[in-house]
Number of protein chains: 2
Amino acid sequence: MKAIAIDLGGTSIRAAVVDREGQILSRSKRATPAQYGVQAVINQIKATVEDALKGFDVADIAGVGLASPGPIDTIEGVALGLPNFPGFDNVPIRQLLAEALRRDVKVENDAIAAAIGEWRFGAGRGSDNLVYITVSTGIGGGVIADGRVLRGRRGMACHVGHLGLFPDRDVYCNCGNRGCWEAFASGTAFEKRARERQGLGVNPDAPSVFAAARQGNSDAIQLVAEEAHLLGLGIISLLHLYSPDRVILGGGLSHHFDLLKPGIIAEIKQYAMLAFRSVELLQAEQVDNSGLLGAAALVFGTA
Amino acid sequence: MKAIAIDLGGTSIRAAVVDREGQILSRSKRATPAQYGVQAVINQIKATVEDALKGFDVADIAGVGLASPGPIDTIEGVALGLPNFPGFDNVPIRQLLAEALRRDVKVENDAIAAAIGEWRFGAGRGSDNLVYITVSTGIGGGVIADGRVLRGRRGMACHVGHLGLFPDRDVYCNCGNRGCWEAFASGTAFEKRARERQGLGVNPDAPSVFAAARQGNSDAIQLVAEEAHLLGLGIISLLHLYSPDRVILGGGLSHHFDLLKPGIIAEIKQYAMLAFRSVELLQAEQVDNSGLLGAAALVFGTA
């Protein structure tokens, strides 16, 4: 049996046919017509799935898994007001998609889906307790605890980007609150600090700053050290709250994992409680595919 | 069948015989001889259990549940260095107790045990997703997520007191780190702020300050408002991380729940993400018995 996996993103929709071993047998991608409303997005998902399915025996497909941005009630399958998706407010996305695709659909928050993908097919294999963190435009996460996916009410657990890092500072987050971890440590926040850095001498985008740090640019090195410090502070709270044996870093900034890891580890060794310091910090292995593979695992019942 | 439940505290050991409905049929209490070392504590637990068991048919006892302070590996049953218990460093407490009592023993972190007690027999009945927080000398917690106890690696999840509330402030915590939630919002921290309050006019202990607030003392009212604010800040992070439908407040400060609740709710309504604001905030019902009842639930296999 094979699964159809869908990763719904703000700019593109990706679909794949995936087997039980996590092999991606085919894939497709289309632009997300978010501005055209709910039906346009559903239609485009359907077209993307049809692209991926070409040449496959439909009798061999076990079902459909969707990794969706949140906030979404993944237990009921209802989008609760997706930012950047006008009209997706109390929309029964699972039901609409099931009708469009004429198949059973399972829905997961995209960062939890990515955590599942790493757990089953990536850096989390064999672990019963892991925290996955994606650091890109924002910060998202997913947790496996006691060998099971942690979902919580409405499947909305692990909004780790909205851990209050400095909740008394007037640094505003996209969620409306102040002081969220995401507002300080996301890729967006990193690039904002880079823009504000006088005399940096390179473009203030993440790839350029990390490249400059590799070449010894001391301002870039300082920016990377600050980022590792800010990531470390949040990760320490997550260690105490979830008690993982592994922390897996994904998302855009994780492409520079080797430069960030030493600073994060130093923070953990200094400030985490003793019994929590031996946690492993790992780079995501499946990178852009984690979410698709997690969506497939939902179909196979291994999540 | 009945269970023997033990609550190991820094000053006293309590034991009880508990039935499946959570009724405490007998109870006993002895001083904790922590300063005399491991064997003295084990012997005293045994004597306390024998007190509670008097008059009961031992054939009717299903097993023993222990709520222990942490850090403790509750999966392996090994104390990892209990503060205030000299010598309890890598001590196989479950095995020692099983030998002393000649019975099967299950071990849980005391705050997780209290969460289980509230879940099965208190304010958490019927909930699949709850966060229990005890605010006393320190801050501890336990989480039920997706209808199961959240334990994590070594059973050490939910050290919620060591969420970094203001991790950049030089306010030191008993754990060695700075800025932990516990260092700002525990009963101990509350009383410290009361002592520092010029012209408070009452004893700076929590019961006196709350009583003064009830009588309209404006400084006391301000101290209570600050406490609610600090509790609210931490609780908001926990909402985003665990997605509970209920938050249950236990421990010493929860005796003044009616005065703290409005300020905490106001904080949640203002700063939690929209989809998380409908959480219920409740006072623990079993208060001092939550831990014992949770320990009993371990024996009955309902946790």
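The values are calculated or read from the model by the stated rules, or taken from the named source; none is laboratory data. Only a predicted model underlies this, so the values are computations on that prediction, with no experimental measurement involved. All Cβ positions, glycine included, derive from the backbone under ideal geometry; neighbour counts span all protein chains shown. Each accessible area value is taken on the protein alone, full model and side chains, heavy atoms only, with ligands, DNA and RNA left out. Shrake-Rupley method; radii C 1.70, N 1.55, O 1.52, S 1.80 Å.
Computed from protein heavy atoms with a 1.4 Å probe, the total accessible area buried between B and A is close to 3700 Å². Each copy carries a label point for B:Lys192 at 7 Å from Cα along the beta-carbon vector; from one copy to the others these points are 3.1 nm apart, nearest first. In the assembly of identical copies, A:Pro86 has its label point, taken 7 Å from Cα in the direction of the beta carbon, separated from the corresponding points by 7.2 nm (ascending, one decimal). What percent do you get for the relative contact order of the stretch A:149-279 when only Cα pairs under 8 Å and 6+ apart count? Reported as a whole number, the value is 17 percent.
Whats the longest run of chain B with zero trypsin sites (Lys or Arg not before Pro) that are DSSP loop and have at most 13 other Cβ atoms within 10 Å? Here the longest run is B:126-303.
Can you list the residues of the stretch B:247-294 whose accessible area drops by at least 50 Å² going from the chain on its own to the full set of protein chains, with a 1.4 Å probe? Correct list: B:Tyr271, B:Met273, B:Ala275. Reducing the stretch A:210-243 and the stretch B:189-253 to their Cα centroids gives an inter-centroid distance of 34 Å. Averaged over its residues, the protein assembly as shown has an accessible area of 38 Å² per residue, based on protein heavy atoms and a 1.4 Å probe. Restriction of the GluC sites (Glu not before Pro) in the stretch A:16-79 to DSSP coil positions whose beta-carbon has at most 12 other beta-carbons within 10 angstrom yields A:Glu21. Taking other residues whose beta carbon is less than 10 angstrom from the beta carbon of B:Arg154, and scoring Lys, Arg as +1 and Asp, Glu as -1, yields -1. In the assembly of identical copies, B:Ser26 has its label point, taken 7 Å from Cα in the direction of the beta carbon, separated from the corresponding points by 7.2 nm (ascending, one decimal).
What FRET efficiency would be calculated for the residue pair B:Arg103, B:Leu25, taking the C-beta separation as r and a Förster radius of 22 Å, to the nearest 0.05? Result of the calculation: an efficiency of 0.80.
Counting only protein heavy atoms and a probe of 1.4 Å, the accessible surface of the stretch B:152-303 is 48% carbon and sulfur. The helix-based estimate of mean residue ellipticity at 222 nm for chain B, built from -39,500 (n - 2.57) per DSSP H run of four or more residues and divided by its residue count, is -11500 deg cm²/dmol to the nearest 500. Counting only whole DSSP H helices of chain B, the ones at least 18 Å long by C-alpha along their axis and with mean Kyte-Doolittle hydropathy no lower than 0.0 are B:38-53, B:218-242, B:257-271. For chain B, modelled as a GNM whose springs connect Cα atoms under 10 angstrom apart, the maximal fluctuation among B:Gly22, B:Gly117, B:Gly55 occurs at B:Gly55.
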